[in-house]
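A quick write-up on the structure given underneath.
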Amino acid sequence: MLKFVFAMIVPLMILIYTISFGLWMRSNHQGFGSAVAYVLGVLSFSASGFIFWRMFT
Amino acid sequence: MKQKTRVGTRELIAMLTIIVASNAFLMYPRYVSQTTLEAAWMEPIISGAITLIVFLIVEMLLSKYFPYMDIVQVSQETFGKPITMFFILIVVGYFILSTASVSRQFTENVITTVLPSTPILLIGAVFMAASAYIAYMGLEGICRTAYFVQPILIIGILALCLMTANWWHPMYLFPFWGSGPWVVLKSSVFYISIFNNVLLLCVIFPHAYHPRDFRVIGTVSIVVSTLLLTAFLVTFHMVFSPVEAGKASFALYQMARMIYLGRFFQRLESIFVFLWVTAAIVKMAVSLWGAGYLLGKAVGWKSFRPSIPSISLLCFAISLWHADLVRVITMDDQYLMQWGWTVVFALPVFIILSGVIRHHLRRGGGGRDKRRNKRRRTAHA
């Protein structure tokens, strides 16, 4: 479990980075662009979470 | 998204050559050896010839009807934004799956050959991080890296072919037609997706310093990569019998292991590892860049760069989806390789042909189109 938590640090950082990218797009009045950025961030975070969970638990 | 990057002709040729020729290190030699046996070396020639014809047609149509426009702009003008978004998502999906597959194959390659005790997670992460960094630097970074790597790749492949000369058995190349001419032709069409130059050229062409060199870039890259793949496959099939070749997971590694030029020059596979790694990173960086750039362009992002870490993470996760390599190879062969032509060839040709038909249907607006094309030419002059 500890390995899983450690492995998820990088995906979490990438998620935060992508969400802030989405927020920046939103501040530039690009609603659709920001939505796609959120979806991409959540998708990659969930996929890596699933893989790491399977590998480390 | 602003288009500021401009890349030279030689750099673009280098990049396009590497992404096709690096298939010699992947499973391509195995697939073609399984399907066409002794005639496997004919496949890159036939696929390359078809690619060249398709490319020249696409180039002619693009420069005549859509000068200085890339495939996204053509699609947006022809089908509108929602349908373009759908097409782009298909291409982005293809690039992501392709990157994941290449990443897994190269990772397994490195584990099997040089780092058997290192966890797959670590090797895959390092691979992906390096590719993501180059993709983040943009097209210019990728092309400069490719320009640096290209001579090493060409010399490496040719040296490998020549250094195994003492193992050549030319009789292994007979019967000449292998599984038969029809099978060779069918298989060449199925595995044509390794030549993804057409799709990439339609995307990157506005980034060339001299877009008029579009034809030269495409032709030279297709011909050089075809020659390299053919030379490698001919040699591979002269060293190994077709049955052995069809079971080889890492053709280049197995060839490198065979080198014996005396007591002090044997088993030179450790030298060729650097060749695989650099070529792999360039190949993955191109597809990562392609996925990010196209998505950004379709969605309207001001910069595609912030999406690269997320896309890389997604590719990394997908690359580890299957636990064993055999299932990865099966999926790669059955879906990406055999059906990849629908994305790499059929889609760009469909978009451009639809654009041309629409252009002819709007003959009343021909004057407007001519004025628009003239404005574009003047702007790029």
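The values are calculated or read from the model by the stated rules, or taken from the named source; none is laboratory data. Please read all numbers here as calculations on a predicted model, not as lab measurements. Here the Cβ positions follow ideal geometry from the backbone for every residue, glycine too, while neighbour counts run over all protein chains shown. Side chains included, ligands, DNA and RNA excluded: accessible areas come from the protein's heavy atoms. Shrake-Rupley method; radii C 1.70, N 1.55, O 1.52, S 1.80 Å.
Among the residues of this structure, B:A317 counts as one that is open to solvent by less than 70 Å² (accessible area, probe 1.4 Å), at the interface with chain A (Cβ under 9 Å from one of its Cβ atoms) and not hydroxyl-bearing (S, T, Y). Please tell me if B:Y293 is closer than 28 Å to A:L12 by Cα, of a type in the set (S, T, Y) and more than 12 Å from chain A (Cβ to nearest Cβ). Yes: the conditions hold for B:Y293. Of all positions in the range B:135-148, none carries a residue that is part of a loop (DSSP other than H, G, I, E, B) and hydrophobic (A, V, I, L, M, F, W, C).
For the range B:321-340, the criterion of being open to solvent by 20 Å² or more (accessible area, probe 1.4 Å), within 14 Å of B:S101 (Cα to Cα), at the interface with chain A (Cβ under 10 Å from one of its Cβ atoms) and touching a residue at least 60 places away in the same chain (Cβ under 8 Å) is met by at least one residue. The set of residues from the range B:144-186 being of a type in the set (A, V, I, L, M), in contact (Cβ under 8 Å) with a residue 60 or more places away in the chain and over 30 Å from B:R10 (Cβ atoms) comprises B:L173, B:V183, B:V184, B:L185. When each of A:S46, A:S27, A:S34 is tested for being modelled with pLDDT of 95 or more and among the polar types (S, T, N, Q), the lone residue that passes is A:S46. Looking only at residues of the range A:1-36 that are facing chain B (nearest Cβ under 7 Å) and either among the aliphatic types (A, V, I, L, M) or open to solvent by 60 Å² or more (accessible area, probe 1.4 Å) (or both), we find that the one that is nearest to the chain's Cα centre (by Cα) is A:I14. Cβ-Cβ contacts under 7 Å between residues 6 or more apart (or on different chains), taken from a first residue in the range A:40-54 that is more than 7 Å from chain B (Cβ to nearest Cβ) to a second residue that is surrounded by fewer than 21 Cβ atoms within 10 Å (Cβ to Cβ), are listed as A:G49/A:M8; A:F52/A:F4; A:F52/A:A7; A:F52/A:M8; A:W53/A:F4.
Could you tell me whether B:L56 is crowded, with 24+ Cβ neighbours inside 10 Å and either closer than 24 Å to B:L160 by Cα or aliphatic (A, V, I, L, M) (or both)? Considered against the rule, which asks whether it is crowded, with 24+ Cβ neighbours inside 10 Å and either closer than 24 Å to B:L160 by Cα or aliphatic (A, V, I, L, M) (or both), B:L56 comes out as no. Do you know which residues across the range B:168-179 are modelled with pLDDT of 90 or more and surrounded by fewer than 15 Cβ atoms within 10 Å (Cβ to Cβ)? Residues satisfying the conditions are B:H169, B:P170, B:M171.
Just one residue in the set B:R305, B:R212, B:R263 is of a type in the set (K, R), at pLDDT 85 or above and open to solvent by 10 Å² or more (accessible area, probe 1.4 Å); that residue is B:R305. Closer than 23 Å to B:Y293 by Cα and surrounded by 17 or more Cβ atoms within 10 Å (Cβ to Cβ): does that describe B:L139? Taking the combined requirement at face value, the residue satisfies it. Just one of the listed residues (B:A245, B:A256) is open to solvent by less than 30 Å² (accessible area, probe 1.4 Å) and closer than 18 Å to B:I155 by Cα, and it is B:A256.
For (1) farther than 30 Å from B:R267 by Cβ; (2) among the hydroxyl-bearing types (S, T, Y); (3) crowded, with 17+ Cβ neighbours inside 10 Å, each residue gets a yes or a no:
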position: B:V74; (1), (2), (3): yes, no, yes
position: B:F86; (1), (2), (3): yes, no, no
position: B:I90; (1), (2), (3): yes, no, no
position: B:Q105; (1), (2), (3): no, no, yes
position: B:T113; (1), (2), (3): no, yes, yes
position: B:P151; (1), (2), (3): no, no, no
position: B:I157; (1), (2), (3): no, no, yes
position: B:L160; (1), (2), (3): no, no, yes
